[in-house]
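See below for the structure under consideration.
The values are calculated or read from the model by the stated rules, or taken from the named source; none is laboratory data. Predicted, not measured: the structure shown is a model, and the values here were computed from it. Neighbour counts are summed over all protein chains in view; Cβ atoms, including those assigned to glycine, are modelled from backbone coordinates with ideal geometry. The accessibility values were calculated without ligands, DNA or RNA, using every heavy atom of the protein model including side chains. Shrake-Rupley method; radii C 1.70, N 1.55, O 1.52, S 1.80 Å.
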Amino acid sequence: MVFSSFVFLFLFFPAVLACYFLVPRQLRSVRNGVLLLFSLFFYLYGEPKGIFVMLGVIAVSYLSAIAMERTKTQQARRWAMGIAVAAMVAVLGYYKYTGFAVENLNGLFGLSLPVPQVIMPIGISFFTFQSMSYVLDVYRRTVPAQRNPLYVALYVSLFPQLVAGPIVRYETVDQEIVSRQERFDDFHAGLQRFLVGLAKKMLLANPLGKVATELFGMGGDALSPLLAWLGAVCFALQILYDFSGYSDMAIGMGRMFGFHFLENFRYPYLCDSITDFWRRWHISLSTWFRDYIYIPLGGNRKGKARQLVNLVAVWALTGLWHGASWNFVLWGLYFAALLIFEKLVFGKVLERLPTVLRHLYALFFVLLGWVIFNCTSLDAIGAYLHAMFAGTPGSGDGAYLIWFLRQYGLELVCAVLAATPLVPKLVAPWKEKAWAQTAYTVWLLGLFGLSLLTLANSSFNPFIYFRF
């Protein structure tokens with residue numbers, strides 16, 4: 001069940017709101033129970049078998065945390081933590097990487113092992129990483145173990161962020177699970193955030209995604225440089241509004257129920273370096289790898305050589321987290337190389353360049369990274385990059401560009417503007433005026449209506465991060 005569907009918008013979500021707010025706010029445990037039941041149903045609706053995997057991960061998280069809380073020795077705590085993390089890594093490895101591993105063993109050693117067709121549960125990368133963060137934080141004594149298993153289950157399975165993040169740390173919501181306060185201001189702001197996210201998804205990501213899907217589907221051998229660059233730009237905008245739109249909806253719904261999730265995007269295409277890009281894009285994932293992999297490996301504390309090894313290891317794992325395919329590994333290593341280059345060679349030079357050149361540099365390499373990310377094989381990556389830089393101009397380029405601008409020019413302009421804080425800055429002086437708030441409400445309702453019309457009239461409604 002995706003947020004941008006009629007089933008969710010007009011059946012599931014209204015039912016959650018009605019059942020939740022009919023319960024008196026004094027009965028916090030009952031309200032939490034309502035959220036837990038609806039969250040489990042939400043996952044069961046789209047993943048009937050995968051729910052047992054998620055429940056197993058929840059059970060391991062709860063039991064290991066309790067074991068660490070009760071044990072008296074550090075060695076026993078380490079064993080409890082190690083077993084739990086190993087179990088979660090094993091689950092993630094089996095469902096996500098078994099087929100990939102067997103295929104590569106066959107290719108590397110000339111074997112003919114049957115490739116198992118393992119069905120990956122939706123969102124397994126998100127809920128296993130979230131569960132691991134809880135176990136590791138309990139081990140580090142950053143947070144206390146939660147003794148109520150239903151609260152641990154609610155933390156992991158809460159439907160707004162269950163299948164595509166953001167990855168929520170337990171410390172962010174531990175007090176709110178037990179004693180949050182639902183306020184009208186929060187509900188109103190959350191609803192507005194949800195409508196903005198839905199509009200990003202339906203009115204920007206999907207239309208530009210159609211173009212990106214068509215152009216990437218043609219393959220690099222059939223594209224001219226103009227069309228290849230157009231496809232790369234459209235995919236970059238699609239994945240931004242696809243994922244940030246989902247994050248907006250998740251954060252908005254969480255706020256409606258009294259939860260305050262941290263931001264997951266901060267205008268990433270305003271970056272002026274690759275380092276800056278990863279401070280702005282999918283923040284919950286990049287900070288997860290920083291806090292639970294990079295720093296424990298030694299970070300930058302054990303010399304330059306060790307730091308470089310740590311960066312390569314972290315980014316190879318970041319690539320693999322996104323999918324069991326060599327293009328994702330290459331994508332991760334590509335960003336590792338860029339980050340190392342900035343740290344060792346280009347960082348000081350970059351700081352002295354004019355701002356516009358820094359932005360162009362960052363966007364250029366981010367666009368190339370999205371090509372690696374979106375192409376499904378190394379051959380496809382090579383063909384697409386060749387088309388971008390050494391392809392032959394096509395005789396129909398002008399006609400296609402005119403068609404594209406007529407069909408999607410407005411969406412492209414809006415997508416570029418929305419990737420900057422320009423509009424919020426322009427309206428900031430009038431933000432608190434009553435007429436401005438009324439106008440904004442009317443604007444959001446208009447966007448909601450257009451989103452529904454788009455949803456009704458189009459069958460193209462993918463969500464990129466569901467496959468992770």
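A few points about this structure:
- Any hit, segment 156-176, residues being within 20 Å of N32 (Cα to Cα), out of contact with any helix residue (DSSP H, G or I) (no Cβ under 8 Å at 6 or more places or on another chain) and open to solvent by 60 Å² or more (accessible area, probe 1.4 Å): yes
- Within the option set L357, L363, L367, L344, being farther than 20 Å from F194 by Cα, at pLDDT below 90 and of a type in the set (A, V, I, L, M, F, W, C) holds for one residue only, L344.
- When S131 is tested against (1) of a type in the set (S, T, Y); (2) assigned to a loop (DSSP other than H, G, I, E, B); (3) open to solvent by less than 30 Å² (accessible area, probe 1.4 Å), exactly one condition is not met: (2).
- Among the residues examined, L195 qualifies as farther than 19 Å from L35 by Cα and open to solvent by 10 Å² or more (accessible area, probe 1.4 Å).
- Cβ-Cβ under 6 Å pairs, at least 6 apart or on other chains, segment 280-292 side in a helix (DSSP H, G or I), far side open to solvent by 30 Å² or more (accessible area, probe 1.4 Å): R280/R266
- Cross-chain or 6+ apart pairs with Cβ under 7 Å, segment 56-73 first and more than 11 Å from R147 (Cα to Cα), then among the charged types (D, E, K, R) and open to solvent by less than 20 Å² (accessible area, probe 1.4 Å): M68/R77; T71/R77
- Residue check, T142 within 22 Å of R290 (Cα to Cα), touching a residue at least 24 places away in the same chain (Cβ under 8 Å), open to solvent by 30 Å² or more (accessible area, probe 1.4 Å) and among the β-branched types (V, I, T): yes
- Members of segment 83-116 that are over 19 Å from W321 (Cα atoms), out of contact with any Asp or Glu (no Cβ under 8 Å at 6 or more places or on another chain) and open to solvent by 30 Å² or more (accessible area, probe 1.4 Å): I83, L105, G107, L108, F109, G110, L111, S112, L113, P114, P116
- The lone exception for S395 - which of (1) assigned to a helix (DSSP H, G or I); (2) open to solvent by 40 Å² or more (accessible area, probe 1.4 Å); (3) more than 18 Å from L320 (Cα to Cα) it fails: (1)
- You will find that of V16, V2, V34, V30, the residue that is of a type outside the set (F, W, Y), closer than 21 Å to G165 by Cβ and not in a loop (DSSP other than H, G, I, E, B) is V16 and no other.
Results for (1) open to solvent by less than 20 Å² (accessible area, probe 1.4 Å); (2) without any contact (Cβ under 8 Å) to a residue 24 or more places away in the chain; (3) not in a helix (DSSP H, G or I), shown as yes or no for each residue.
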position: L215; (1), (2), (3): yes, yes, no
position: Q238; (1), (2), (3): yes, no, no
position: G245; (1), (2), (3): yes, no, no
position: G254; (1), (2), (3): yes, no, no
position: L262; (1), (2), (3): no, no, yes
position: T275; (1), (2), (3): no, no, no
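- Check on V30, open to solvent by 20 Å² or more (accessible area, probe 1.4 Å), within 22 Å of R141 (Cα to Cα) and not charged (D, E, K, R): no
- Condition met for V7 (β-branched (V, I, T), under 30 Å from A456 (Cβ atoms) and either modelled with pLDDT of 95 or more or part of a helix (DSSP H, G or I) (or both)): yes
- The residues on offer are A428, A436, and the sole one that is in contact with a Phe, Trp or Tyr (Cβ under 9 Å, 6 or more places away or on another chain) and part of a helix (DSSP H, G or I) is A436.
- The residue of segment 325-368 that is least open to solvent (accessible area, probe 1.4 Å), among those that are outside any helix (DSSP H, G or I) and not aliphatic (A, V, I, L, M), is S325.
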